[in-house]
Amino acid sequence: MIELSANNHLVSEQGREASLDVDGVRREVRDCCLAVGVQETWLAEQMELALDDFFLSREDRGETGVPARGEIDALVARLLMSAGYRDVAAEYSRRRQIRILPVADATLWDAARIRRLVGQLCALPESAIVRLTARIGAQIEKLGFREVSDGLITELAAHLAAGAMAENGPALPGLLPSDSPWLLPADFWKKTEADITGSARRLCADGVLQPRAVSRLLPVPGIVLDLGRMTELATQAGASPESLFWPELDRITLAAREILEIMDALLLETAPDVSGGVPRVVVAGFPALAAAWKPALRKHERQQLMHDTAARIRQTLARAGTPAVLVHFPHHGA
């Protein structure tokens, strides 16, 4: 399914329904990061995408009720904790006056359990995983714990894996080590040997397609389709955007599909425990396209062109065998 997102999500608070202030959530997450000394500003930006996915998944499941604002706050705290930023989650929970979720119950640990969790977290050769498992076990014994949570094991693995990564390198050369918050860098297409066609690579190099970096907070493939850059290149070539827009949009959409499929395959290989979700196409640069369109578009014609563009992307992807994609126009894009 392809949905046109306009960043207009309803929530209920104190008995009244209102649009969720997504910008406010993003600012509050950024402020919480700064308050506890975390400089990862990407967290705040990724949170907006994660909230979009939350509301989209509700629609996919056929849920009709309006979620409470407290439910959204609990989701934000949960996502921050799952990404390893417990101190940021605690600060956000304090500010929003919600109870932070407890750590999972501790159980007796053994080498097999550690080995399983390490194998899910770290893209390392077998010999390195065996050594890392032994080091984690030794640390737990030194702490004197008989029972530990999965969270403690993965926290220890994340810290101890840094040395192992330096010795062995990640399983996919050129991509990020698996103790990083990033699962795929935005420029992965330059570094991977994956079979990306020359046409798709050229669109990335020209800035028409811009793969989004994929984080552990939102492990979903995403790509920006920049209509403004497409318009700029057409103008440089002496062509009018409206004369070639629809066939060019089809070509670019198919290239975006190719890259999204490769991103999904890489995520399944590097992080099978966290990958999944509906991929997204963010359509940027629409104002530049609309401004260059001849004859000049009226307001209602601009809106219609935006909706027709979303529909065309939907049809092209569906014909190619990809029916489930979120098409997102930034809220300032109309």
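Of all DSSP beta bridges confined to the stretch 182-328, the antiparallel ones make up roughly 40%.
Arranged from highest to lowest average of other beta-carbon atoms within 10 Å per residue, in what order do the peptides 221-231, 147-157 appear?
Numbers: 221-231: 23.2, 147-157: 18.3.
For the peptides 221-231, 147-157, the packing ranking is 221-231, 147-157.
Across the stretch 220-334, the volume of the C-alpha convex hull divided among the residues equals 101 Å³ per residue. In straight Cα distance, which lysines are under 29 Å from Lys191, not counting same-chain residues fewer than 8 positions off? In chain and number order, there are no partners. Take the Cα of Glu147, step 7 Å toward its Cβ, do the same at Arg298, and the gap between the two points is 7.1 nm. For the stretch 197-266 and the stretch 22-53, write down the distance between their C-alpha centroids in whole Å. Using only Cα atoms, the two centres lie 27 Å from each other. Subtracting the Cα-Cα distance of Gln97 and Ala205 from 0.36 nm times their residue separation leaves 34.3 nm of extension gain.
Each value in this text was obtained by applying a stated rule to the coordinates, not by laboratory testing. The structure presented is a predicted model; accordingly, all values stated were derived computationally and were not measured. Note that each Cβ is placed from the backbone with ideal geometry, even for glycine, and that neighbours are counted across all protein chains shown.
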